[in-house]
Amino acid sequence: SGKEKWPRGDESVWKEGLRSVNTDVPSITKSIVNHVQTSLARQAYNLDDLGAYQAAALSVRDDLILNWNDTQIHYTQKTPKRAYYLSLEFLMGRTFDNALLNLGLKDQYREGITKLGFNMEDLLEQERDAALGNGGLGRLAACYLDSSASQELPVWGYGLRYQYGIFQQLISPEGQQLEQPDPWLAGGENPWELPRLDVTYEVRFYGTADRLPGGRALWQGGQEVLAVAYDVMVPGCYTKNTNNLRLWESKPKRGFDLNSFNAGDYEHAVESSNSAAAITSVLYPNDHTTFGKELRLKQQYFWTAASLADIVRRFKNIAKPFSEFPDYVAIQLNDTHPTLAIPELMRILVDEEEIPWGKAWDIVTNTVFYTNHTVLPEALEKWPVPLMEHLLPRHMQIIYDIVTVEKKFPGDRDRLARMSLIEEGFPKQVRMAHLACIGNRKVNGVAELHSELVRTTILKDFVEFEGLSKFSNVTNGITPRRWLDQCNPELSALITKTLKVDKSVWLKDLERLKELLPYAEDAAFRKEWAAIKQRNKERLAHHVETTLGLTVNTNAMFDVQIKRLHEYKRQTLNILGVIHRYLKLKQMSAAERKKVNPRVVFFAGKAAPGYYIAKLTIRLIVNAARIINADPDTRDLLTVYFLPDYSVSLAEVLIPSSDISQHISTAGTEASGTSNMKFCLNGGLLVGTVDGANIEIAEAVGENNVFFFGHLTPAVEDLRYQHMYRPVPVEEKCPALANVLDKISGGMFGDREVYEPLLNTIRQGDFYLLTDDFDSYIGALDMVDKAYLDKEEWIKKSIRTTANMGKFSSDRAILEYAESFWSIEPIKVP
Ligand code: Z16
């Protein structure tokens, strides 16, 4: 009641006990030592690097909690409209360094840690990556959280707390990828999360749904599972605002599943894939394919149901009518994975809140937004109707009841079949992209070209149906905090010194990098710029040396391709190009070789465990590397490395060291790409196709600063048609490539027959157009060699590239979502 005295007891005693963020070195070291003593129950004499990291992390955690708490209370009191980012993946990486930088406490912690006898860099290395994502989509979600907090926007993330993140990749001596589980929580306490064992919801599966009069239904029986919240603190850059990422963990409701048991459904009660704890046990490692696995659908529903229950409860706390729900809540669907949010919100509104169907549909379609991340057909999610009916009987009824399309085009049967939420076949399937597209306010793609392809190909009918204005573009972005300030501290310091502003200013207003442009003409500045690139190369070489025991030639040009292995991303094109280069070097005289610029080619990336061709590509890279690196004729001029177990942390070492990076997808297949932005922000030049965000990067930095090659998107369809109906043998079409393929087939890299299935994807069908693009690819790499000869001009290109990358800050992207989609505003925590 309002009459209660607060605080209880003596106010001055309370005030005395309150602690604020520790900003001076003595209080920081005191806090660390306290955590060693009590939280860790250890002492100075038995403290190793891991223990010192844990104590320092707990000390930072205390600071984050203060800011996080103030932020949540402030939001609750001000009741602003909030946005919720629903993503099945958040690829956060490490937190310690990021938190220190965002809090502006890194220098103080470094000094304190040094005083305690430890080395900051060693402690940073102790932290395990939080790798709850596959690749671009999951890392984008993490960048958007960083930007939301930094721009002081009231945004929460919702995801799953997987026990196992993306698998750890081992590479056998033969070059085979082996997968090992990633028990990232096994070390005990995770300092960056707050278990909220009191915040729980029940989530139902299976059972029966009986229709009631008035459009409602009663869903009962089946299996009930508990969702438990874990809150991950997301600090903003130089602001008190610290947002929340709520991850759900599944737990049996009563230890044993009585509900299923009582319903006589004994199998469901005991089957391991249906056990409650299994739901959030593992991240699915497929990035561009849908498998129709029941457990995956359970994950999707478990997470959307818990998140929506939480969102609705928070809305009910402010006691407004449900018609105002869209004025307080915006929900962004990251891909189709959370599409069940649409029928689930309908279920809550119609069945539980007793809102008429039409009004409920208005609420849903004004609250939900959908981002598409791919046009690849194999990635578009579909779920078998029988599975849906079994697992989510009420949602299936709701999906059948959504009949908006039929009303507008009565009788146009072809169109209705194309647009239907249900695809005919055996079995019938629910098309999640269609559901996601109908049940919302705005649909967007992630780069200009991609958004245009969404409008003109996969969702064309829906544009005609709902009008163009619903379909738009938000070009992806990356957080400059992690992807410049954190991973490239020397470059960040040089920029701060040169721009003569506090780094928090340009880091949160990245267009300010433009002010670097005149310095491209300044020889002293260029020297500093190049020296930093060189030291970053040495840092990478040191990393490779200590982790793999290999020596890297740091006088060479560093050429990097790091991303998930996929045919459309064409790592195969890259390794075939490397082999072509090797063959050319072998033919040269010693005198000719002297003129060649040395090159080191780095690959890293994981293949989906069931993706046979992608795994063969890894094998080819590893074995080609083994032969090429051992050849005394060429090894000063060309070496190749496949770095195992690619991760956010490895990217942070690789990206600042690149001279060039490769983004060479078949035109029209890479929705955006985001690592292209990271490399360019760090002054690496881009070699790429006219695809995804490469196009906008070239527009921003100038086409003379990128190396483009290959056929354009409009040509792709025709070329594929020719491959099918007028195939030309590789020998005729591209002799240089044919020669490379022959050498591999001939056993130059061992394993005579193993590569045939991979090579045959090129010889037959060549869906990703390697034979069409190979010559122009080699041409682009020759241009790179030529350009590199003029060192000063190269450094100018590098500086101009960084200077023009302001647009690609995820701050710009998240502000576009906030302003044009969600209608939310910054709210500063005092
Ligand atoms: C993913 O990482 C992406 C798309 C997708 O359908 C599934 C996954 Cl796991 C990627 C796109 O391939 C990439 O082009 C884009 O930059 C990224 O999503 C973020 O939008």
ask   = Under 16 Å from a point 7 Å along the Cα-to-Cβ line of ASP631: which residues of the range 546-581 have their amide N that close?
value = 575-581
ask   = Excluding ligands and nucleic acids, what accessible area in Å² is computed for ARG204 using a 1.4 Å probe, to the nearest 10?
value = 60
request  = Determine the order of ILE73, ILE402 by accessible area, beginning with the largest, at a probe radius of 1.4 Å.
outcome  = ILE73, ILE402
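Order the following by accessible area, largest value first: ASP785, ASP811, ASP414. Probe radius 1.4 Å; ligands, DNA and RNA are ignored. Walk me through the numbers on the way to the answer.
Values: ASP785 30, ASP811 5, ASP414 115 Å².
So the residues, ranked largest to smallest area, are ASP414, ASP785, ASP811.
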request  = State the antiparallel share, in %, of DSSP beta bridges confined to the chain, rounding to the nearest 5.
outcome  = 45
query = Which ³J(HN,Hα) values in Hz, rounded to whole numbers, follow from the phi angles of the range 757-769 under the Karplus curve 6.51 cos²θ - 1.76 cosθ + 1.60, where θ = phi - 60° and Gly and Pro get x?
reply = x, 5, 5, 5, 4, 8, 5, 10, x, 6, 4, 9, 6
ask   = If you find the alpha carbon centre of the range 186-254 and of the range 16-82, how far apart are they in angstrom?
value = 26
20 Å Cα-Cα reach of LYS320 towards lysines, excluding residues that sit fewer than 8 places from it in its own chain = LYS78, LYS81, LYS359
remark   = Listed by chain and number, the residues whose amide H is under 5 Å from that of SER665, excluding neighbours fewer than 5 places away on the same chain and using placed H, are THR689
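What relative contact order, as a whole-number percentage, does the range 35-106 give when Cα pairs under 8 Å and 6 or more residues apart are counted?
Working: 21 pairs, mean separation 18.2, N = 72.
It comes to 25 percent, rounded to a whole number.
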inquiry  = With 49 Å as the cut-off, how large is the P(r) tail for the chain, expressed as percent of Cα-Cα pairs?
reply    = 20
key: the range 482-487 - phi-based ³J(HN,Hα) in whole Hz, Karplus 6.51/-1.76/1.60, Gly and Pro as x   = 5, 8, 9, 4, 7, 7
ask   = What FRET efficiency, computed as 1/(1 + (r/R0)^6) with R0 = 25 Å and r the Cβ-Cβ distance, is obtained for ASP775 and ASP742, rounded to the nearest 0.05?
value = 0.90
key: Area accessible to solvent at PHE642, 1.4 Å probe radius, in Å²   = 20
ask   = Which links in LYS563/LYS797; LYS514/LYS606; LYS15/LYS240 stretch past 31 Å when you go from one Cα to the other?
value = LYS514/LYS606
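Run the helix sum for the chain: -39,500 (n - 2.57) per DSSP H stretch of 4+ residues, divided by residue count, reported at 222 nm to the nearest 500 deg cm²/dmol.
On the way: 36 runs with 372 residues, N = 830.
So the calculated ellipticity at 222 nm is -13500 deg cm²/dmol.
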task = May I have the convex hull volume per residue, in Å³, for the Cα set of the range 325-399?
result = 95
message = List residues of the range 190-205, by number, whose backbone nitrogen lies under 19 Å from a label position 7 Å along Cα→C-beta of ARG313.
response = 194-205
task = Would you work out which of VAL648, LEU349, ALA818 lies farthest towards the positive end of the dipole of the chain, given +1 charges on the beta-carbon of Lys and Arg and -1 on that of Asp and Glu, about the Cα centre?
result = ALA818
message = For a 21 Å ceiling on Cα separation, which of these pairs sit above it: LYS508/LYS828; LYS594/LYS796; LYS508/LYS533; LYS428/LYS569; LYS527/LYS791?
response = LYS594/LYS796; LYS508/LYS533; LYS428/LYS569
inquiry  = Could you tell me the center-to-center distance, by alpha carbons, between the range 460-532 and the range 653-720 in angstrom?
reply    = 17
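How many Å² of accessible area per residue for the chain, probe 1.4 Å? Please report the intermediate quantities before stating the final value.
Values: 32560 Å² over 830 residues.
For the chain, the per-residue accessible area is 39 Å².
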message = I'd like the Karplus ³J(HN,Hα) series for the range 465-473: coefficients 6.51, -1.76, 1.60, θ = phi - 60°, whole numbers in Hz, and an x wherever there's a Gly or Pro.
response = 6, 10, x, 5, 5, 6, 10, 9, 10
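Can you give the local net charge around ALA209? Use residues other than it whose beta-carbon is closer than 11 angstrom to its beta-carbon, Lys and Arg +1, Asp and Glu -1. Before the final figure, lay out each step's value.
Working: positive: ARG204, ARG211, ARG216, ARG347, ARG394; negative: ASP210, ASP351, GLU389.
Result for the local shell: +2.
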remark   = Out of THR802, LEU540, LEU513 - ranked by how far each Cα lies towards the positive end of the dipole of the range 482-809, with unit charges on the beta-carbon of charged residues - the top one is LEU540
ask   = What is the set of long-range amide H partners of PHE642 at a cut-off below 5 Å, with H atoms built 1.01 Å from backbone N?
value = PHE603
ask   = What residues qualify as long-range amide H neighbours of LEU685, i.e. H under 5 Å apart, gap of 5 or more or another chain, H built at 1.01 Å from N?
value = ILE660, SER661
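With a 1.4 Å probe and all protein chains left in place, how much of the accessible area of the chain comes from carbon and sulfur atoms, in whole percent? Numbers along the way, then the final one.
Numbers: 17320 of 32560 Å².
Using a 1.4 Å probe with all protein chains present, the chain comes out at 53 percent carbon and sulfur.
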task = Highest first, please rank the peptides 701-707, 427-433 by the mean number of other Cβ atoms sitting within 10 Å of their residues.
result = 427-433, 701-707
task = Please give every one of the lysines within straight-line cross-link reach of LYS470, meaning a C-alpha to C-alpha distance under 18 Å, and leave out same-chain neighbours fewer than 8 residues apart.
result = LYS408, LYS442, LYS460
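The values are calculated or read from the model by the stated rules, or taken from the named source; none is laboratory data. Every value quoted in this text rests on a predicted model; they were computed, and no experiment measured them. As a convention, Cβ positions derive from the backbone with ideal geometry for all residues, glycine included, and neighbour counts pool all protein chains shown. Ligands, DNA and RNA are excluded from the accessible area calculation, which covers all protein heavy atoms including side chains. Shrake-Rupley method; radii C 1.70, N 1.55, O 1.52, S 1.80 Å.
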